[in-house]
1. Say a site is exposed when it is one of the trypsin sites (Lys or Arg not before Pro), sits in a DSSP loop, and has at most 14 other Cβ atoms within 10 Å; what is then the longest site-free stretch of the chain?
2. Over region 48-141, what number does the Rg to Rh ratio reach, with both radii from the alpha-carbon atoms and Rh per Kirkwood?
3. For D52 and L4 in one chain, what is 0.36 nm times their gap in residues minus the Cα-Cα distance, to one decimal in nm?
4. Test of understanding: in a Gaussian network model of the chain with alpha carbons linked when under 10 Å, which of V122, V11, V65 would top the mean-square fluctuation ranking?
5. Quick check for you: which residues of region 43-67 have the amide N under 14 Å from the point 7 Å beyond the Cα of R79 toward its beta carbon?
6. Find the centroid of the Cα atoms in region 135-165 and in region 29-105, then give the distance between the two in whole Å.
7. As I understand it, the value is the acute angle between the Cα axis of helix 2-11 and the longest principal axis of the Cα atoms of the chain; what does it come to in degrees, rounded to 10?
8. Determine which aspartates and glutamates satisfy two conditions relative to K132: a Cα distance under 19 Å, and not lying fewer than 8 residues away in the same chain.
Amino acid sequence: MAHLDELVLKVLREKLFAPERLAALLTALAAKRSERAEAQNTRLVALQVEADNARERLQRLYALVEDGLAEMDDLLRERISILKADREKAQAALDRARREVGGEVALDPEKIAAFSKLMRDVLDNADNPTRKAYLRSLLNVEVGPEKILITGSRETLYAAANARNSSGEIVQFSVGAKRMWVA
């Protein structure tokens, strides 16, 4: 078991938590996040235009009635109801899209380097329970008869590398794991 632990720690120390490898993983993730944010912003603009158009059409109908250019009949009432429903649907879609768009955390090379150093220090110097706790918060290790599979989430690494408490120290936490990288 000690030999197996040492093999896993060596791979993690030299491959995953090496500053260059960690930076490459997180830079790729940051690029994907940026693309996703761009697409979300485009969608938000389109939804805002749709909501504004629905509001303007409704206001034009109200103006016709207020100015006396059109009388309120069943057909106009039905049209107003349809436009109100369209406006509410567009506004709900816009509100939902705004909630889904999360704030992006900037990728800081200093944080990546500090996180890399912290994790390598934990691997080298921490007692076994502490080391295991840190590693479990970031990844899964599956031992099979012929291979060892180390998996985890890039999002979890990104969050951990960018986490800071109020004193500026790096803090450890985990988020929902989605298997995305293999060391």
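The values are calculated or read from the model by the stated rules, or taken from the named source; none is laboratory data. Bear in mind the structure is a predicted one, so any value in this text is a computation, not a measurement. Note: ideal-geometry Cβ built from the backbone for every residue, glycine included; neighbour counts use all protein chains shown. To get the accessible areas, we keep the full protein, side chains included, count just its heavy atoms, and leave off ligands, DNA and RNA. Shrake-Rupley method; radii C 1.70, N 1.55, O 1.52, S 1.80 Å.
1. Details: sites that count: K147, K178, R179.
The reported range is 1-146.
2. On the way: Rg = 28.6 Å, Rh = 18.7 Å.
Across region 48-141, the Cα-based Rg/Rh ratio is 1.53.
3. Working: separation 48, 0.36 × 48 = 17.28 nm, distance 6.19 nm.
Stretched fully, the D52-L4 segment lengthens by 11.1 nm.
4. It is V65.
5. Residues 57-67 fall inside that zone.
6. If you average the Cα positions of each part, the centres end up 42 Å apart.
7. 50
8. D5, E6, E14, D121, D124, E142
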